[in-house]
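A quick write-up on the structure given underneath.
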Amino acid sequence: QRQAWRPPTDVYETETDYVIEMDVAGMRREDIQVALQGRRVFIVGVRRAPRGELRAYHQMEINTGEFRAVVDLPDAVDATEATATYEDGSLRVVIAKQRPRRVDVR
């Protein structure tokens with residue numbers, strides 16, 4: 001059984017968000033899933049092997065098959081303010097940082 005691979009991934013933050021950018025070229029949008037649990041982001045998908053003619057590879061560096069990545073964010077996030085877009089071979093997940101909630105003193 002082939003082990004899942006992990007695409008090159010950048011994780012950074014802006015003043016208001018955490019951003020995950022993943023290089024997953026050659027995939028279909030419907031083959032990628034993103035889930036959020038607490039501060040943990042799960043990204044799974046599959047890059048399908050090319051079909052067609054029989055091939056005899058001389059060099060093979062493009063991973064195919066199932067991939068998975070788990071990203072632990074450094075602080076609390078607002079799961080209701082999360083987006084994921086796939087464009088030009090790049091997956092971009094943006095998750096809002098959790099803002100402090102004001103509590104009225106009575």
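The values are calculated or read from the model by the stated rules, or taken from the named source; none is laboratory data. Model, not experiment: these values are computed from the prediction. Using ideal geometry, Cβ is built from the backbone for each residue, glycine included, and neighbour counts are taken over all protein chains shown. We work out accessible area using only protein heavy atoms, side chains counted, and drop any ligands, DNA or RNA first. Shrake-Rupley method; radii C 1.70, N 1.55, O 1.52, S 1.80 Å.
Per residue, the solvent-accessible area of the chain (1.4 Å probe, heavy atoms of protein chains only, all protein chains present) comes to 79 Å².
Over region 10-106, the Kirkwood radius and the radius of gyration, each from Cα atoms, give a ratio Rg/Rh of 1.15. Take every Cα-Cα distance within region 48-103, group them into 5 Å bins from 0 onward, and report for each bin the whole-number percent of pairs it holds. P(r) for region 48-103, in whole percents per bin: 4, 11, 15, 18, 12, 11, 9, 7, 6, 5, 2, 1, 1, 0. Other residues lying with their Cβ under 9 Å from the Cβ of residue 19 contribute a combined charge of -3, Lys and Arg counting +1, Asp and Glu -1. With K and R counted +1 and D and E -1, the other residues having a Cβ less than 12 Å from that of residue 70 yield a net charge of +3. Give the calculated FRET efficiency between residue 82 and residue 56 to the nearest 0.05, with a Förster radius of 25 Å applied to their Cβ-Cβ distance. The pair residue 82/residue 56 has a calculated efficiency of 0.05.
For the chain, which whole percent of the accessible surface, found with a 1.4 angstrom probe, sits on carbon and sulfur atoms? It is 45 percent, rounded to a whole number.
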